[in-house]
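Taking it in order: structure first as structure tokens, then the write-up.
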Amino acid sequence: MSTQLSKFGSFTKEAAKVEAAAGQSQEWLKIAPGTAIVRMLPPLAGKSSPWVTIYQHFIKVPGAKSVVFNCPRRMTNGRCPACEKADRLRATGNPTDERASKEFNPSMRNIGFAIDRENPEKGIQMFAFGAMIKKRLIHFREKLDKDFTHPAEGFDLVIDRTGPGLDTEYQTDLGSQGPIT
């Protein structure tokens with residue numbers, strides 16, 4: 001076995017420092033209540049969409065924060081205990097159970113890269129957004145033929161956020177046209 005292990009290197013303290021710094025360097029762009037101006041970056045090379053879509057469960061736990069996890073059913077067609085619980089509640093036919101089942105449904109999240117125009121010094125950030133914003137972005141590209149991600153001729157996005165928690169709403173419009181930088 002020592003001959004086999006000689007093929008491996010070591011995980012040095014210096015390598016650990018580099019990994020720790022890399023893990024903390026990527027910030028998430030968060031839309032605060034009010035108006036934000038954001039510039040979405042184009043799709044990565046070889047990709048057709050400027051974002052990836054994931055599905056996450058946000059399960060409320062009494063006396064603790066919500067538990068968040070990716071939905072195995074929606075992401076990999078696997079077994080998902082939260083979806084199964086929702087299915088069981090819906091199957092009873094009871095309207096109260098039907099309402100309760102919604103707490104176990106996954107939520108769509110879209111994640112892309114963007115620049116916060118009001119804080120450009122933060123550089124490129126990961127930007128997570130839901131169905132409301134995604135619907136508008138698709139509308140801009142598909143119906144209005146506006147490539148908001150184009151590096152030289154794209155558009156900033158003006159996002160207005162109102163309301164708290166689950167009552168939060170987003171209005172998204174096209175802003176200034178021009179280069180990313």
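Just so it is clear, none of the values below were taken in a lab; they were calculated from the coordinates. This one's a predicted model, so the numbers in the text were calculated from it and none came from an experiment. Here the Cβ positions follow ideal geometry from the backbone for every residue, glycine too, while neighbour counts run over all protein chains shown.
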Q) Name the GluC sites (Glu not before Pro) in segment 133-181 that are in a loop by DSSP and that have at most 14 other C-beta atoms within 10 Å, would you? A) Glu153
Q: Check the cysteines of the chain one by one and keep only those with no other cysteine Cβ under 4.7 Å from their own.
A: Cys71
Q) For segment 62-175, what's the relative contact order in percent, using C-alpha pairs closer than 8 Å and at least 6 residues apart? A) 13
**Q.** Added length on full extension, which subtracts the Cα-Cα distance from 0.36 nm per residue, Arg117 to Glu14
**A.** 33.6 nm
Q. In segment 83-168, what is the count of Lys pairs whose alpha carbons are under 18 Å apart, counting only pairs at least 8 residues apart or on separate chains?
A. 5
Q: Could you point to the label whose value was computed as Cα Rg over 2.2 N^0.38 Å for the structure here, given [x] 1.33; [y] 1.53; [z] 1.37?
A: [x]
Q) Looking at segment 72-133, which GluC sites (Glu not before Pro) are in a loop (DSSP not H, G, I, E or B) and have at most 16 other Cβ atoms within 10 Å? A) Glu118
Q) What's the longest piece of the chain with no exposed trypsin sites (Lys or Arg not before Pro), counting a site as exposed if DSSP puts it in a loop and it has at most 12 other beta carbons within 10 Å? A) 80-142
